[in-house]
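Below is one structure; the comments refer to it alone.
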Amino acid sequence: MDDEETTRRRRRWLLLFIVLLILLLLCLGGALYYIFNRDNGTTTTTPPTTASTSTTTQQQPPPPPPTSSSPPPPTSTAPPPPANITVPDVTNKTGDAAETTLKGAGFSKITFVADDGSAVQQLSQWKVTKQTPAAGSSVAPSTEIILTVHSIGSGKG
């Protein structure tokens, strides 16, 4: 009986091995089918065919011959990133002269901060004492330029 039981066990293991091997091959085949038969986002539809009962048939004209020119290359819809701009030195200039210089260089975010905490209203009455980012740095045009100013006259507000 011992030999017969050993033979049965071997047959069971062999059967289990064969079933697992078949499952593995099916999974591998499915994966390969998925990888190599994807449509890459392009779908084609075929119009349904209908049987015609009339005896006269209409012939469709042949399709036009392909043109020799290739289609134009696709264009990018996203604008290119803006080039960096070198920050000009505006220290020791009046506020309005500094603003004009920075806007002329291409900057649009310019903030004036008074060194004594007072409100900055008339730019011609203030002199730039410090600028951030520093003069000569290369930054994007959307970078905020912060100018620290000191009052040079009686026009604080």
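Every number here is computed from the coordinates shown, using simple stated rules; none is lab data. Predicted model only: the values in this text are computed from it and were never measured. Virtual Cβ from ideal backbone geometry, glycine too; neighbours counted across all protein chains shown.
Results, tabulated for the structure shown:
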| quantity | calculated |
| --- | --- |
| Per-pair calculated FRET efficiency, R0 = 30 Å: R38 and R10 via Cβ, rounded to 0.05 | 0.10 |
| Aspartates and glutamates whose Cα lies under 15 Å from that of K109, excluding same-chain neighbours fewer than 8 positions away | D96, E99, E144 |
| Rough spin-label spacing in nm, given labels placed 7 Å along Cα→Cβ, for I18 and S118 | 10.0 |
| Under-5 Å amide H pairs with I85, H placed in peptide plane, nonlocal only | V139, A140 |
| Label-point separation, H150 to K109 (7 Å along Cα→Cβ), nm | 2.8 |
| Label-point separation, A83 to L28 (7 Å along Cα→Cβ), nm | 5.7 |
